[in-house]
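For reference, the structure is listed below as structure tokens.
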Amino acid sequence: MDNGIKIKRALISVSNKNGLSGFARSLASFGIELLATGGTYKYLKNRNIPVKKAASEPHGEILNGRVKTLSREIFAGI
């Protein structure tokens with residue numbers, strides 16, 4: 001079904017990277033810009049998959065790196 005919405009970018013952050021290369025290459029083949037956090041970024045970059053690094057938290061990690069893309073202000077309120 002085509003709803004007319006074009007996906008422009010995808011944010012990827014996974015701990016288990018099994019099957020990730022094929023999935024990411026598939027997304028990239030559709031012209032989807034890939035953004036990834038730390039280890040996922042390195043994993044994709046090392047496999048020559050086009051990826052941009054998601055902005056890192058300037059004040060350090062939250063929950064030992066398990067929270068990647070949530071602002072400290074929002075996390076503090078939860």
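The values are calculated or read from the model by the stated rules, or taken from the named source; none is laboratory data. Fair warning: this is a prediction, and the values are worked out from it, not measured in the lab. Every residue, glycine as well, gets a Cβ built from its backbone with ideal geometry; the counts of neighbours run over all protein chains shown.
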Members of segment 31-61 that are surrounded by 13 or more Cβ atoms within 10 Å (Cβ to Cβ), part of a loop (DSSP other than H, G, I, E, B), at pLDDT below 95 and not hydroxyl-bearing (Ser, Thr, Tyr): Ala54, Glu57
Yes/no for Ala28 being at pLDDT 80 or above, surrounded by 13 or more Cβ atoms within 10 Å (Cβ to Cβ) and assigned to a helix (DSSP H, G or I): yes
Flag for Phe75 being at pLDDT 90 or above and on the phi < 0 side of the Ramachandran plot: no
Scan of segment 23-52 for residues that are of a type outside the set (S, T, N, Q), more than 21 Å from Lys8 (Cβ to Cβ) and more than 12 Å from the chain's Cα centre (by Cα), ordered by number: Arg47
